[in-house]
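Every read-out reported here was derived from the displayed coordinates using simple, explicitly stated rules and does not represent laboratory data. What you see is a predicted model; the values in this text were computed from it and never measured. Cβ sites come from the backbone with ideal geometry, for glycine too, and all protein chains shown count toward neighbours.
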Amino acid sequence: MQWRDEGLVLGGRKFGESGLILDVLTRERGRRSGLVYGGASRKKRAQYEPGNTVDLSWSGRLEEQLGRFDVAESTRQRASRLIDLPLALNAVASVCALLRGALNEGDHAGSALFDASELLLDQLDQPDVWPALYVRWELGLLAALGFGLDLDACAVSGANDGLTHVSPRTGRAVKGSEAEDYVDRLFVLPNFLTDTQAPAGPVDISQGLELTGHFIERRLFYAMNRDLPEARRRLAAKLAPRGPA
């Protein structure tokens, strides 16, 4: 069997002296793995940095078995472009770790995330843009995998305006004025997640990451008996607002 596709590099692990088992998110076939002969060599290592996009072909006897990747040159080498932007590199690591941890081999649901992931990664040299885009990407990750939040209307009144919080149990939005008795137990819903014109400052980003992180950890990774990736925890910590000097 054989196929060709684009692949977003999620990571890899060494196989033998110079081989590499490469994990990618493909445009058409979800998350896939394959053996790249010589992929761990110093000459080729930069090509397989997480976050890069490559053209590749897969060949093997059976679709469900580990096959072989023949990889052309990278079409987008993002890691080298972001080398002087450590926070952006943290975001690359978080995106790849979440996709790698949330998607099983051959999981075609991941194909819905390919374009959104590339869009986010291509904006990581824009520090005023990408943090808000990253939070929205995590909401998309939850939705694509069947754990989407309901941020369209208040769970108590049905109103679709003035939404301020989200229930940690149901993932439904509420108006704080409709839930005064237990509002301190709800997650804050930052305005930029319901209004694309709203600004997204450090506090808003941190609140958004707290919200999405809770559901990624409790609904997605807990169900798979996996921990939230450390790369994601580090990113949230680095994006947390700093207090006064």
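What the table below lists for this structure:
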{"read-out": "Segment 52-123: GluC sites (Glu not before Pro) in DSSP loop, at most 14 other beta carbons within 10 Å", "value": "Glu63, Glu64, Glu105"}
{"read-out": "Value in Å of the Kirkwood radius, where segment 166-245 supplies the Cα pairs that are averaged", "value": "14.0"}
{"read-out": "Spatial separation of Cα centroids for segment 11-73 and segment 209-227, in angstrom", "value": "28"}
{"read-out": "Two-decimal Rg/Rh across the chain, once Rg and the Kirkwood Rh are taken from alpha-carbon atoms", "value": "1.02"}
{"read-out": "Theoretical ellipticity at 222 nm over the chain - DSSP helices of four or more residues, -39500 (n - 2.57) apiece, nearest 500", "value": "-8500 deg cm²/dmol"}
{"read-out": "Sequence of Ile216, Ile83, Ile205 once ranked by neighbouring C-beta atoms within 10 Å, starting from the fewest", "value": "Ile83, Ile205, Ile216"}
{"read-out": "Low-density loop cleavage sites - chymotrypsin sites (Phe, Trp or Tyr not before Pro) in segment 1-100, where at most 16 other Cβ are within 10 Å (DSSP)", "value": "Tyr37"}
{"read-out": "In Hz, Karplus ³J(HN,Hα) per residue of segment 187-201 (6.51, -1.76, 1.60; θ = phi - 60°; x = Gly, Pro)", "value": "7, 5, 9, x, 4, 5, 7, 10, 9, 5, 8, 6, x, 9, x"}
{"read-out": "Positive minus negative residues near Gly208 (Lys, Arg vs Asp, Glu; Cβ under 9 Å)", "value": "-2"}
{"read-out": "Cβ-defined net charge surrounding Asn160, 14 Å radius [Lys, Arg +1; Asp, Glu -1]", "value": "-3"}
{"read-out": "Extension gain from Ala116 to Ser157, taking 0.36 nm per residue of separation minus the Cα-Cα distance", "value": "11.5 nm"}
{"read-out": "For segment 102-245, the fraction of alpha-carbon pairs in successive 10 Å shells from zero, as %", "value": "11, 38, 37, 13, 1"}
{"read-out": "Calculated FRET efficiency for the pair Ala143/Glu73, C-beta based, R₀ 41 Å, to 0.05", "value": "0.75"}
{"read-out": "Computed log₁₀ I(q)/I(0) - Debye formula, equal Cα scatterers, no solvent, segment 2-77, q 0.14, 0.19, 0.23 Å⁻¹", "value": "-0.36, -0.68, -1.01"}
